[in-house]
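Shown next, in structure tokens, is the structure this report addresses.
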Amino acid sequence: MDTLIADYWPWLLIALVVVAAVAFLLSRRGQRIQLTPPEEGPRPTLRRETPPPVPVIATTDPVAPPPVGERNDLLQIKGLGPKLVTLLGGLGVTRFEQIAGWTEADVAAIDPQLGAFKGRIGRDRWIEQARFLSHGDAAGFEASFGKLDGGAS
């Protein structure tokens, strides 16, 4: 038996390749290739749609008065993450005093501009937190909202 395989191995290899090729061709039998061009009609065009720009509140607006001094670490307000801090910075809000001074009308103007974060101002009580932080009242903040990360600036 060993001599039979040793003598005929090239023929066995060729037979195996032929069987594999026939099996491949038979498996593709149901597929058809269209050689004629498609019917004429309007060709679809791909357009990249950009989202509308987020409106920016002017610094003369009472919602975001010009900041006095350097930026505060708004991340100390519970519920504000890096994305919201960046978004608020784009709206000109960089200090606790600005948020602490918001009125209901100010919140109504800013809230729709927060996109997916809409409603967080009231839900997370940003104004109340900002009042404590703007006055440097870490004890009052911690009594109402829990441990403060870092010192109030």
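The values are calculated or read from the model by the stated rules, or taken from the named source; none is laboratory data. Here the structure is a predicted model, which is why all the values come from computation and not from measurement. For neighbour counting, all protein chains shown are included, and Cβ atoms are generated from backbone atoms with ideal geometry for every residue, glycine included. The accessibility values were calculated without ligands, DNA or RNA, using every heavy atom of the protein model including side chains. Shrake-Rupley method; radii C 1.70, N 1.55, O 1.52, S 1.80 Å.
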Legend entry - Subset of the range 118-144 (residues that are farther than 9 Å from Phe96 by Cβ, part of a helix (DSSP H, G or I) and touching a residue at least 24 places away in the same chain (Cβ under 8 Å)): Arg120, Arg123, Trp126, Ile127
Legend entry - Residue that is closer than 19 Å to Glu70 by Cβ, part of a helix (DSSP H, G or I) and touching a Pro at 6+ places or on another chain (Cβ under 9 Å), where the choices are Gln98, Gln113: Gln98
Inset, instruction - Mind listing whichever residues of the range 90-116 are open to solvent by 20 Å² or more (accessible area, probe 1.4 Å), touching a Lys or Arg at 6+ places or on another chain (Cβ under 8 Å) and either more than 17 Å from Asp149 (Cα to Cα) or not charged (D, E, K, R) (or both)? - result: Asp111, Pro112
Legend entry - Selection status of Asp106, acidic (Asp, Glu), within 28 Å of the chain's Cα centre (by Cα) and closer than 19 Å to Leu91 by Cα: yes
